[in-house]
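Accompanying notes for the structure given below.
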Amino acid sequence: MARVLIVEDETRIASFLVKGLRSHGFASEVVGTAEEGLARALSGDFAIVILDIGLPDRDGFWLLSELRRRDQALPVVILTARDTVADTVAGFEGGANDYMTKPFKFEELLARIRARLHDSRRALREPRLEVAGVTLDLRSRSVTVDGREVELSAREFALAELFFRHPGQVLSRAQILNDVWGYDFDPGSNVVDVYVGYLRKKLGAGAITAVRRMGYRLEKSGW
């Protein structure tokens, strides 16, 4: 049975989450502060964290940052009333695996929890991906290019992982937005193009090819 850590100071919401998760076979524990949440998240007792941002002692982004300094693998789903694009981007850039805003539908949250747990288990089964001499370590969230470690942000790594799971396949911008950002994003935004540019600079200029009117493709060789 997967254990869920709920970092939430609103008793009503926490109780709702506990009951809903229990009815679907999950055990859970609730803490109401960022400090306690970090300590419990680092205990190794949990498969996933549901994290509120507006906590009474410290900002939830602080917890996320501290957690990611010590543990890159534990999935984190942010569940918060903060619904600005800036907060959402900050959550993903800080290393969150998903971001949902309140009010929310429990069924959707449950689906996202299951998806993030699936991703986590897949990383354990297949800890490394390699294409054209570049290796992605899914456990440590590190990248090695020809034996040299390259630093990627959380979103850059998520984008790289998507491409590395589909080498030689054309991925549309809509698919990339959905799989990597995981939330409703302006389809007219150039965020995909910007992040592809970041990856090209770090992995190699020829790593990712633009396919006109279709999307982008990770080349299998010849970087």
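FYI, it's all coordinate maths here, none of it is from the lab. Please read all numbers here as calculations on a predicted model, not as lab measurements. Methodologically, a virtual Cβ is constructed for each residue, glycine included, from the backbone with ideal geometry; neighbour enumeration extends over all protein chains shown.
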Amide H contacts under 5 Å for residue 142, restricted to residues at least 5 apart in sequence or on another chain and with H modeled in the peptide plane, are 137
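So how much slack lies between residue 73 and residue 162, counting 0.36 nm per residue of separation and subtracting their Cα-Cα distance, in nm?
So the extension gain works out to 30.4 nm.
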Here the FRET efficiency for residue 189 versus residue 1, based on Cβ atoms and R0 = 45 Å and rounded to 0.05, is 0.70
Once phi for every residue in region 48-59 is put through the Karplus expression 6.51 cos²θ - 1.76 cosθ + 1.60 (θ = phi - 60°), the whole-Hz ³J(HN,Hα) values, with Gly and Pro written as x, are 6, 10, 9, 10, 8, 8, x, 9, x, 9, 9, 5
Quick note on 214, 1, 100, ordering by fewest other C-beta atoms within 10 Å, gives 1, 214, 100
PRE zone check, label point 7 Å out along Cα-to-Cβ of residue 121, amide N under 15 Å, scope region 1-24, hits 1-4
Which of (i) 0.99; (ii) 1.17; (iii) 1.05 gives Cα Rg over 2.2 N^0.38 Å as computed here? It is (iii)
If amide H atoms are modeled at 1.01 Å from N in the peptide plane, then the residues at a separation of 5 or more from residue 99, or on another chain, having amide H under 5 Å from its own are 78
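At 20 Å minimum axial length over the Cα atoms and a Kyte-Doolittle cut of -1.0, report the qualifying DSSP H helices in the chain, or say none. Write down the numbers at each step before the final one.
Values: long enough: 106-125 (28 Å, -0.68).
Both cut-offs are met by 106-125.
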With the charge dipole of the chain built from beta-carbon charges (+1 for Lys and Arg, -1 for Asp and Glu) about the Cα centre, the Cα from 208, 28, 178 projecting farthest to the positive end belongs to 208
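Between residue 85 and residue 169, what length in nm is gained on full extension when 0.36 nm per residue of separation is reduced by their alpha carbon distance? Spell out each step's value before the answer.
Values: separation 84, 0.36 × 84 = 30.24 nm, distance 2.97 nm.
That works out to 27.3 nm of additional length.
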